[in-house]
Amino acid sequence: MDADTLLAAGLTYDVEGAVATITLHRPEVRNAQTPTMWRALADLGAQIPDDVRVVVVRGSGQSFSAGLDRSMLDPTNASGEESVAGLLALSDAEVSATIDAYQQGFTFLRDPRFVSVAAVQGYAIGAGFQLALSCDLRVLADDAQLCMKESALGLVPDLTGTKPLVECVGYARALEICATARMVGADEAVGIGLALTAVPADELDATVADLVGALTAPLAGAVTETKALLQGAADRSLDEQRRLEREAQTRRFRELAALMGAGQQ
């Protein structure tokens, strides 16, 4: 996608070496999200180059994302932009297919080819929280406030956030966070496993940069294979996981041997 199309959807995208940065860029509305943004994220995810090893997701201004743009719930919205309220006119099958398309804007961040990192400052509400949860790792500014707001609107989280939330904090805490729609502050988020660390806001960029450096230091194949092993580990039997470890290690041995052979020539 070209830069103008992305900007119209409220996004910017930059690739520098092995690091891609996706920025939600609607600071005037605290980076509130729209269906247009979700579709653009899905298209963007499909074009990330194979040599990108880390994808950083962040927000412009003082917030990561305040969640769904509330105007998208207004059936009288005359902007001409695709809205969530428009789902009401669709059949159940069409609603499901449309939400599936929206979800693709979140699921690409689980791709084993790269590690995804959410740099979260200020509010990460609803869809914003789910976007952060879609990333492999989260680093928070100490002013971060996370909230799964959907239940307060009579809705459920449907942008792929429920699975990683349970994986991070367990069923009981995930249910409490979703059902109460309460705010989770940065310190609590770190304490219950939602984030790696919380740092002063003016140290967020440097902390993320240090993490990106550490993630890109090992050979790319080692990180990619490890992410793939860990992603499905909880759902596999020990025997299946052992088999996949053996197969992955065999591929690593072969690649290392090839690199050593090339170095001796």
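The set of residues in segment 149-162 being of a type in the set (Asp, Glu) and surrounded by 21 or more Cβ atoms within 10 Å (Cβ to Cβ) consists of 150 alone. Only one entry of 36, 12 meets the criterion of being modelled with pLDDT of 95 or more, of a type in the set (S, T, N, Q) and outside any helix (DSSP H, G or I), and that entry is 12.
Against the list (1) under 15 Å from the mean Cα position of the chain (by Cα); (2) surrounded by fewer than 20 Cβ atoms within 10 Å (Cβ to Cβ), the condition residue 67 fails is (2).
One residue is enough: does segment 198-212 have a residue meeting the conditions assigned to a strand (DSSP E or B), aliphatic (A, V, I, L, M) and either over 20 Å from residue 136 (Cα atoms) or touching a helix residue (DSSP H, G or I) at 6+ places or on another chain (Cβ under 7 Å) (or both)? Scanning segment 198-212 turns up at least one residue that is assigned to a strand (DSSP E or B), aliphatic (A, V, I, L, M) and either over 20 Å from residue 136 (Cα atoms) or touching a helix residue (DSSP H, G or I) at 6+ places or on another chain (Cβ under 7 Å) (or both).
Residue 179 fulfils the conditions (1) assigned to a helix (DSSP H, G or I); (2) closer than 11 Å to residue 142 by Cα except for a single criterion, (2). Could you tell me whether any residue of segment 36-57 is among the small types (Gly, Ala, Ser), buried (at least 20 other Cβ atoms within 10 Å of the Cβ) and closer than 22 Å to residue 141 by Cβ? No, segment 36-57 has no match at all.
Within segment 214-265, the set of residues being assigned to a helix (DSSP H, G or I), more than 24 Å from residue 116 (Cβ to Cβ) and among the polar types (S, T, N, Q) comprises 249, 250, 264.
Looking for whichever is out of contact with any strand residue (DSSP E or B) (no Cβ under 9 Å at 6 or more places or on another chain), surrounded by 21 or more Cβ atoms within 10 Å (Cβ to Cβ) and on the phi < 0 side of the Ramachandran plot here; the options are 165, 146. Which one fits?
Details: 146 fails: out of contact with any strand residue (DSSP E or B) (no Cβ under 9 Å at 6 or more places or on another chain).
Within the list 165, 146, the selection yields 165.
Counting only strands (runs of 3 or more DSSP E) that fall entirely inside segment 95-152 and contain at least 1 residues that are among the basic types (Lys, Arg), the qualifying elements are 137-141.
Residue pairs whose Cβ atoms lie under 7 Å apart, sitting 6 or more positions apart in sequence or on different chains, and linking a residue in segment 76-95 that is closer than 20 Å to residue 153 by Cβ to a partner that is of a type in the set (Val, Ile, Thr), are 81/34; 81/36; 82/36; 87/95; 87/98; 90/98. Beta carbons closer than 6 Å, at least 6 apart along the sequence or on distinct chains, never pair a first residue in segment 173-202 that is without any contact (Cβ under 8 Å) to a residue 24 or more places away in the chain with a second that is aromatic (Phe, Trp, Tyr) and surrounded by 15 or more Cβ atoms within 10 Å (Cβ to Cβ).
The values are calculated or read from the model by the stated rules, or taken from the named source; none is laboratory data. The shown structure was predicted, so the numbers you read here are calculated from the model rather than taken from an experiment. Heads up, the Cβs are rebuilt from the backbone with ideal geometry, glycines too, and the neighbour counts pull from every protein chain shown.
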